[in-house]
Amino acid sequence: SRCSASLFLEPEHNLGVMTIDASGKYVISPSVQAETPPANDSGPYASNDGGKTWASPHGLTMQTPYISSDRVQPKTFYAFSGGVWYVSTDGGFSYDAVDATKLGLPAHTGAVPVVSADRAGEIGLALGSNGVYYTTDFGKH
């Protein structure tokens, strides 16, 4: 299985945390400049050519450190930020967004999705005093 990769540089050159999908082909980065006009002002940007070109996604209109890739299913990324659950199944180029309370999640600012290394769609969210949210269906319920 693939792991999320981090790139650490001097503070003035820090690109942030990059996340790579299960195939190793799709990459998400919070702070690169997209080649095309951005869909939003902040990313996170997506690449399907190893970082040669980048595009700003649709549907995820905020920058978030709370993003992870599915370790089994290629092209799949998850984010939980600002009380909204996001899922991308096209390599991070677009995201479906659902108000977290509709999924039974508390109105929470966000958390890093912790994904299974063995099963696609199996995700946990550590929510502090609100406990742990656990799903086996990509966060649909």
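Within the stretch 105-117, can you find the residues that are within 22 Å of Gln63 (Cα to Cα), open to solvent by 30 Å² or more (accessible area, probe 1.4 Å) and among the small types (Gly, Ala, Ser)?
Ala107
Does the stretch 66-109 hold any residues that are among the small types (Gly, Ala, Ser) and free of Cβ contacts under 8 Å to residues at least 60 places away in the same chain, and which are they?
Correct list: Ala79, Ser81, Gly82, Gly83, Ser88, Ser94, Ala97, Ala100, Gly104, Ala107.
Condition check ((1) assigned to a loop (DSSP other than H, G, I, E, B); (2) open to solvent by 70 Å² or more (accessible area, probe 1.4 Å); (3) at pLDDT below 70) across all residues:
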position: Gly24; (1), (2), (3): yes, no, no
position: Glu35; (1), (2), (3): yes, yes, yes
position: Ser42; (1), (2), (3): yes, no, yes
position: Asp49; (1), (2), (3): yes, no, no
position: Thr53; (1), (2), (3): yes, no, no
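Which residue out of Asp70, Asp90 is within 13 Å of Tyr26 (Cβ to Cβ), surrounded by 15 or more Cβ atoms within 10 Å (Cβ to Cβ) and in contact with an Asp or Glu (Cβ under 9 Å, 6 or more places away or on another chain)?
After ruling out the rest, the residue left standing is Asp70.
Yes/no per residue for (1) of a type in the set (Phe, Trp, Tyr); (2) at pLDDT below 85; (3) within 18 Å of Ala120 (Cα to Cα):
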residue	(1), (2), (3)
Arg2	no, yes, yes
Ser6	no, yes, no
Leu15	no, yes, no
Pro57	no, no, no
Ser69	no, no, yes
Val84	no, no, no
Gly91	no, no, yes
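Tell me, which residue of the stretch 118-130 that is at pLDDT below 95 and open to solvent by 30 Å² or more (accessible area, probe 1.4 Å) is farthest from the chain's Cα centre (by Cα)?
Residue satisfying both the conditions and the ranking: Ser129.
The values are calculated or read from the model by the stated rules, or taken from the named source; none is laboratory data. None of these values were measured; they are calculated from a predicted model. We place every Cβ from the backbone using ideal geometry, glycine too, and count neighbours over all the protein chains shown. Please note that ligands, DNA and RNA were not included when accessible areas were found on the heavy atoms of the full protein model with its side chains. Shrake-Rupley method; radii C 1.70, N 1.55, O 1.52, S 1.80 Å.
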